[in-house]
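First comes the structure, then the notes that go with it.
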Amino acid sequence: AERQRDVETAGLGAQRATLARDVAAAWLDVYYAERSRAALERLVGQFQLQVDTLAAGVARGRLSTADAFMARSALEQANDRIIEQDRLIARARIVLAALIGEDAQRPLAGEPDTTAFAHPREHLVARLNEHPELRIQEQREALARAEVDVARSSAKSDWSLEVGYGYRAPAFDNMLTVMVSIDLPWQKERRQDRDIASRLAEVDQARALRENARRVHEAEVRGWFADFDTAERRIERFERTLLPLARERSSAALAAYRGGRGELGPVLDAERAVTETELGLNQVLAERAKAWASLNYLYPQGALQ
């Protein structure tokens, strides 16, 4: 009974750890979906500025009617992307609400530090035996061993003593009874021995399942580390190279356009390129955050202190 209780307790701990990871992942989905929307809003703002100047440019003969249609089309396409992004935000909020209820509709707090873990990084693999799911398998193996002990005890003779006192009607004498019973295992090789062998097989099965679960979870953890480290390198590349290049291209195209040496099309393309690069960076940040959440909430908080 105690081993069965331990299995249930381990299962509860695993459910709590899984819930914490699910909530963190859902929260991050909302956060980065809203961050992507902000990037699209900046794009719409840039296109709107271009559209607002179209009338004067066409009147002076600097811009053609085709340029005006191109700018308005780019603006409407950007607005359509915001509508689609609103759908993604709404769906992310729905998933979060399924986990935490009405609080999912509240404004989000600031971004967590997704570069630091609650537990030392080396402990996440070295102390994998404390993984909540592996704790369940460990307790199931202990339960199987306890059932072997119970089966073995049934193969041994036992005895019991029962004493009873009967108070009867006045017409009869009171009665005292003493009963001794002794268990005599009968056909032990067909009954008790087979039961013990069956329980021992269950122990072997539980041990094999635990070892298999350990390999699976170790591969899972190492995979999350690979995702995290790759995202770290890509984020650095976006921030140091890709995004500055996109912004420089946009500035150059805008300067040429204002100086009369360029056309409107390259300006719109450059602005789109900046936004696409920002969205790409946001996607990589989300990937790192998802790997961080999976690793940071792998164990119950305080489990590895």
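The values are calculated or read from the model by the stated rules, or taken from the named source; none is laboratory data. Just so it is clear, the structure is predicted and the values come from calculations on it, not from any experiment. Because the Cβ atoms are built from the backbone with ideal geometry, glycine has one as well, and the counts that use them run over all protein chains shown. Remember, those area values only see protein heavy atoms, side chains included, never the ligands or the DNA or RNA. Shrake-Rupley method; radii C 1.70, N 1.55, O 1.52, S 1.80 Å.
Miscellaneous remarks
- With R₀ fixed at 35 Å, the C-beta to C-beta distance from LEU176 to VAL150 puts the FRET efficiency at about 0.55.
- Every Cα-Cα pair in the range 34-170 was counted, and those over 21 Å apart are 75% of them.
- Note on the range 210-301: Cα convex hull, mean projected area over all directions, 7.5 nm².
- Note on the range 192-245: percent of Cα-Cα distances in each 5 Å bin, starting at 0 and stopping at the bin with the largest distance, equals 4, 17, 10, 10, 10, 8, 9, 6, 6, 6, 4, 4, 3, 2, 1, 0.
- Under 17 Å from the ALA126 label point (7 Å along Cα→beta-carbon), backbone N, the range 202-246: 222
- Helical runs assigned H by DSSP (4 residues or longer) give the chain a calculated mean residue ellipticity at 222 nm of -25000 deg cm²/dmol, each run adding -39500 (n - 2.57) before division by the residue total.
- Three-way shape call for the range 96-155 based on the alpha-carbon gyration tensor, with the a/c threshold at 1.5: oblate
- Helix 264-296 axis, angle to the chain major axis (alpha carbon atoms, nearest 10°): 20
- Residues in the chain average 61 Å² of solvent-accessible surface per residue, probe 1.4 Å, ligands and nucleic acids excluded.
- Within the chain: Cβ-based charge dipole about Cα centre, in debye rounded to nearest 20 (Lys, Arg +1; Asp, Glu -1): 580
- Rg over Rh for the range 1-113 works out to 1.34, both radii taken from alpha-carbon positions and Rh defined as the Kirkwood radius.
- ARG87-LEU19 FRET efficiency (beta carbon distance; Förster radius 25 Å; 0.05 resolution): 0.45
- C-alpha center-to-center spacing [the range 119-174, the range 20-46] in angstrom: 51
- For the chain, dividing the convex hull volume of the Cα atoms by the residue count gives 231 Å³ per residue.
- Here, the range 98-255 has an Rg and a Dmax of 33.5, 122 Å when only alpha carbons are counted.
- For the range 50-165, the share of accessible area belonging to carbon and sulfur comes to 53 percent (1.4 Å probe, ligands and nucleic acids excluded).
- Cα-projected label distance for ARG258 with SER73, points at 7 Å along beta-carbon direction, nm: 2.7
- Contour excess over end-to-end distance, with Cα ends at PHE117 and PHE225 and 0.36 nm allotted per residue: 37.7 nm
- Using the Cβ-Cβ distance between ARG215 and ILE100 with R0 set to 45 Å, the FRET efficiency works out to roughly 0.85.
- Secondary structure note: in the chain, about 100% of the DSSP beta bridges are antiparallel.
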